[in-house]
Ligand code: ADP
Ligand code: MG
């Protein structure tokens, strides 16, 4: 997956870069409550400044659906961004003269109907703001929008620093990975991750299936899963995935023991038993310790790990145990340099933070939908435009 970088844009002295960023930050009472996404903008703005240029930032905020919604203005984000960047940051609406600040934030791109329609006319107006285009919003790259796709055809285009780092990490994990590759796919439902599973069985050497979706596979293999979360209508789909895996030489690992409870709540009375011994009102809420020990061995013989989805109902103790133990095993191998570890997904990021392994992992993607589409093997329009 070849893409241009800011260096490829050459000397930017006297030039303005139109930069698509993700500053869709959580806010409360007009204050930014988590500045992680603002920090991700800094390396790119700094690199553009080092090349002599200044930055005009394009970004969406919330879901105004093509209408001006004052509560979704990006203006309140400006002071926090100025703090993080350590530069003067101005604000403008499309059509305004741009203020002379180092960095200018343009009002919410989704205030325009043309944004989500990838409208070339709107893209042309965005393009008029500068001389080159930089996309640093991997999290929005799965959408072909005016500010992520159409604009890239109108100006010399490159990936920003944060986007570039993300693309490299993903390339190392699934593009041209060091083998053996192991994938962990967990979470609630098979239906939300069908395309992920179908792609991964063709790509990886070991596929670990955990969480609620493992129940559907156990059920498909004829096991009683009691009152567990299960998509019984996907029985045949699950069997097809297993047979595709077999044909592709991908070894699928399902839980051999499970933790069951009859109540779906934290600290519910629970019991660990064989995956073939579940019945009645019992719900499988986590993988058991024998499963975790086996899976830790799989990680040990692997060189690359891709992870999406928790191994159990990790929000409720003690059903976080398998997720935490497997995360710690992966984190230690990653830190020791024997396993490249890449993970993503909303709940996965929360689960890995809960396990305390965020610093140990090679790369944790906060991109959500874009990360999943990448795991599905799809070409992301916002990335393809940078080739
Ligand atoms: P991500 O957001 O990382 O892509 P998902 O949304 O697919 O992950 O899955 C996370 C959810 O799956 C969590 O809310 C977790 O509680 C739930 N889950 C995992 N295992 C089970 C289980 N055995 N039974 C019910 N829910 C589960
Ligand atoms: Mg989720």
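Brief remarks on what is shown
- Residue within the stretch 307-330 that is in a strand (DSSP E or B) and within 13 Å of ligand 1 (Cβ to nearest atom) present: yes
- Taking first residues from the stretch 30-48 that are within 11 Å of residue 134 (Cβ to Cβ) and partners that are at pLDDT below 95 and buried (at least 16 other Cβ atoms within 10 Å of the Cβ), the Cβ contacts under 9 Å between residues at least 6 apart in sequence or on separate chains come to 45/102.
- Residues that are touching a strand residue (DSSP E or B) at 6+ places or on another chain (Cβ under 8 Å), over 19 Å from residue 141 (Cβ atoms), more than 14 Å from ligand 2 (Cβ to nearest atom) and touching a residue at least 24 places away in the same chain (Cβ under 8 Å), drawn from the stretch 343-376: 360, 361, 362
- The single condition from (1) within 16 Å of ligand 1 (Cβ to nearest atom); (2) out of contact with any strand residue (DSSP E or B) (no Cβ under 7 Å at 6 or more places or on another chain) that residue 200 fails is (2).
- Just one of (1) part of a loop (DSSP other than H, G, I, E, B); (2) within 13 Å of ligand 1 (Cβ to nearest atom); (3) modelled with pLDDT of 95 or more fails for residue 338. It is (2).
- Residues in the stretch 203-245 that are within 15 Å of ligand 1 (Cβ to nearest atom) and free of Cβ contacts under 8 Å to residues at least 24 places away in the same chain: 219, 230, 232.
- Residue selection: residue 105 satisfies the criterion of being in contact with a strand residue (DSSP E or B) (Cβ under 7 Å, 6 or more places away or on another chain), in the same structural domain as residue 128 (by TED's automatic domain parsing) and either over 18 Å from residue 129 (Cβ atoms) or at pLDDT 95 or above (or both).
- Screening residue 374 with (1) within 16 Å of ligand 1 (Cβ to nearest atom); (2) more than 20 Å from residue 175 (Cβ to Cβ) gives one miss only, at (2).
- Within the stretch 125-167, the set of residues being surrounded by fewer than 24 Cβ atoms within 10 Å (Cβ to Cβ), more than 17 Å from residue 4 (Cβ to Cβ) and in contact with a strand residue (DSSP E or B) (Cβ under 6 Å, 6 or more places away or on another chain) comprises 129 only.
- Among the residues of the stretch 156-191, those that are within 16 Å of ligand 1 (Cβ to nearest atom) and more than 24 Å from residue 384 (Cβ to Cβ) comprise 184, 185, 186, 187, 188, 189, 190, 191.
- Sole exception among (1) farther than 22 Å from residue 260 by Cβ; (2) away from ligand 1 (no atom under 11 Å from the Cβ); (3) buried (at least 19 other Cβ atoms within 10 Å of the Cβ) for residue 343, by number: (2)
- Taken residue by residue, the stretch 284-292 has at least one member that is in contact with a strand residue (DSSP E or B) (Cβ under 7 Å, 6 or more places away or on another chain), farther than 15 Å from residue 211 by Cα and part of a helix (DSSP H, G or I).
- Qualifying residue in the stretch 305-312 (condition: within 16 Å of ligand 2 (Cβ to nearest atom) and over 18 Å from the mean Cα position of the chain (by Cα)): yes
- Of note, residue 218 does not satisfy the criterion of being crowded, with 19+ Cβ neighbours inside 10 Å and within 18 Å of residue 324 (Cα to Cα).
- Residue check, residue 291 within 16 Å of ligand 2 (Cβ to nearest atom), under 21 Å from residue 217 (Cα atoms) and surrounded by 23 or more Cβ atoms within 10 Å (Cβ to Cβ): no
The values are calculated or read from the model by the stated rules, or taken from the named source; none is laboratory data. Note that the coordinates shown come from a computational prediction; the quantities given were computed from them, not determined experimentally. Cβ coordinates were reconstructed from backbone atoms using ideal geometry, including for glycine residues, and neighbour counts include every protein chain displayed.
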